[in-house]
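Undergrad: Just passing along the structure, written as structure tokens.
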Amino acid sequence: MQVVITGASKGLGRAMAEIYANHGHTLLVCARNEYQLYKMVEELSVQYPQSIIRAMPADLAIYEQVMAFSEWVIAEAGCPDILINNAGQFLPGSIAHEAPGTLESMLQANLMSAYHLTRSFLPIMTERKEGHIFNICSIASLQAYPNGGSYSISKFAMLGFSKNLREELKEFGIKVTSVMPGAAYTDSWSGSGVDPQRIMQADDVAKMVYAASQLSFQACVEEIVLRPQLGDL
């Protein structure tokens, strides 16, 4: 299968790239940091030689780069079988005190990136009448929390986008899954002082996404909610 993963250089994105590479799929990936992206591709290519991994650096908060990545994917592989909209950014803060422009930045990174990229693939996906779209939302899509601010707003919006997409694409045989993970140990938690045993592993999320993508065409996992065993922090 042709698997497109955004924000793939580290964290959840890398964990999902690794599990699909391990099963021999063709990956087309992007991330903002060119060095980290190509380093990830080199490492996974050595570890999983059965998989083809191609990469293009792109900041999907910028519309022109979304379109460039989309055109590159179509030229390289045609229609993706699986699209994982994982690219995003976290800026903590409160609505009352965060810097001007924070909401706009969060919406561009966490919502509009997925919105524009998904729309760019829909004509060929709906014509083919198959495919699976995973939108990586967050526990913050379900419940407001202190210091969530515009990040949480953008993740609520991402879930709304995903739910609407699910309704629209049912008749075309295209699955849509919203993924709401709680805290998982990634680089953003490094140095935080939080015990890694207290939160999930990135691989936990990747395993659930992979499992959901392996079901028969008659079944669609609409939502995946994962939390640490002891609950949210």
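Undergrad: Out of T126, T118, report the one residue that is among the polar types (S, T, N, Q) and open to solvent by less than 10 Å² (accessible area, probe 1.4 Å).
TA: Exactly one residue qualifies, and that residue is T118.
Undergrad: Same structure again: If we scan segment 90-105, do we find a residue that is under 30 Å from E130 (Cα atoms) and under 16 Å from the mean Cα position of the chain (by Cα)?
TA: Checked segment 90-105: no residue is under 30 Å from E130 (Cα atoms) and under 16 Å from the mean Cα position of the chain (by Cα).
Undergrad: Another question, then. Of a type outside the set (S, T, N, Q) and surrounded by fewer than 21 Cβ atoms within 10 Å (Cβ to Cβ): which single residue out of Y151, Y145 fits that description?
TA: Criteria check complete, one pass: Y145.
Undergrad: Among the residues of segment 185-201, is any in contact (Cβ under 8 Å) with a residue 24 or more places away in the chain, small (G, A, S) and surrounded by 13 or more Cβ atoms within 10 Å (Cβ to Cβ)?
TA: No, segment 185-201 contains no residue that is in contact (Cβ under 8 Å) with a residue 24 or more places away in the chain, small (G, A, S) and surrounded by 13 or more Cβ atoms within 10 Å (Cβ to Cβ).
Undergrad: Checking the conditions here, which among S138, S113 is open to solvent by less than 10 Å² (accessible area, probe 1.4 Å) and in contact with a strand residue (DSSP E or B) (Cβ under 8 Å, 6 or more places away or on another chain)?
TA: S113
Undergrad: Give segment 195-233 a look and list any residue that's β-branched (V, I, T) and either over 21 Å from S141 (Cβ atoms) or not in a loop (DSSP other than H, G, I, E, B) (or both), or say none.
TA: V205, V209, I224, V225
Undergrad: Let me ask another. Taking interchain pairs and intrachain pairs at least six residues apart, which have beta carbon atoms under 6 angstrom, with the first residue in segment 117-136 and on the phi > 0 side of the Ramachandran plot and the second open to solvent by less than 10 Å² (accessible area, probe 1.4 Å)?
TA: Correct list of pairs: G131/M125; G131/I174.
Undergrad: Hey, among the residues in segment 179-194 that are in a loop (DSSP other than H, G, I, E, B) and at pLDDT below 90, which one's farthest from G13 (Cα to Cα)?
TA: Taking the candidates together, the pick is G193.
The values are calculated or read from the model by the stated rules, or taken from the named source; none is laboratory data. Note that the coordinates shown come from a computational prediction; the quantities given were computed from them, not determined experimentally. Neighbour counts are summed over all protein chains in view; Cβ atoms, including those assigned to glycine, are modelled from backbone coordinates with ideal geometry. Heavy atoms of the whole protein, side chains included, go into the accessibility calculation; ligands, DNA and RNA do not. Shrake-Rupley method; radii C 1.70, N 1.55, O 1.52, S 1.80 Å.
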